[in-house]
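First up is the structure itself, then whatever we jot down about it.
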């Protein structure tokens, strides 16, 4: 069998509002982080992140965060793309503490990977409905940057 290859599709910079703390749950802390805008840059997909979505996040006591986002983008040519993105972020406790404090931490110091699922009813973007994507991310003070790759 052929080993999968990756092709860069776009970079998503999602702007975030202040997290809404949702209390303690089994094994960790629940939070909702509103997604309030941003940019999408790439050869195959570009446009803007709509003020419509959030990351329903669980930060587990054992030291990792489970990321569960849903938001939408409007492409440069007027199509709407729905994004559901599930993933994990973890790293050394001192690095995660710096991230939680809002510092800009080099993403090579922690692990942040996602499984973006893109969908659209626009025929120009029908290919995304049947494509597997993976993402690698970085948490900034007021945004998240996700590099999205198509699995070939």
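The values are calculated or read from the model by the stated rules, or taken from the named source; none is laboratory data. Computed from a prediction, not measured in an experiment: that's the story for all the values here. Using ideal geometry, Cβ is built from the backbone for each residue, glycine included, and neighbour counts are taken over all protein chains shown.
Key figures
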{"quantity": "Test: residue 53 is touching a strand residue (DSSP E or B) at 6+ places or on another chain (Cβ under 6 Å), modelled with pLDDT of 95 or more and more than 19 Å from residue 140 (Cα to Cα)", "calculated": "no"}
{"quantity": "Flag if residue 125 is over 22 Å from residue 34 (Cα atoms) and more than 18 Å from the chain's Cα centre (by Cα)", "calculated": "yes"}
{"quantity": "Set 64, 71: member being modelled with pLDDT under 95 and in contact with a strand residue (DSSP E or B) (Cβ under 6 Å, 6 or more places away or on another chain)", "calculated": "64"}
{"quantity": "Residue selected from region 3-22 under the condition in a strand (DSSP E or B) and modelled with pLDDT under 95, by the criterion farthest from residue 145 (Cα to Cα)", "calculated": "22"}
{"quantity": "Which numbered condition residue 62 fails, given (1) surrounded by 18 or more Cβ atoms within 10 Å (Cβ to Cβ); (2) not in a strand (DSSP E or B)", "calculated": "(1)"}
{"quantity": "Residue, nearest to residue 69 (Cα to Cα), within region 79-110, restricted to residues that are over 13 Å from the mean Cα position of the chain (by Cα) and part of a strand (DSSP E or B)", "calculated": "81"}
{"quantity": "Unmet requirement for residue 92, which otherwise passes all of (1) closer than 19 Å to residue 40 by Cα; (2) touching a helix residue (DSSP H, G or I) at 6+ places or on another chain (Cβ under 8 Å)", "calculated": "(1)"}
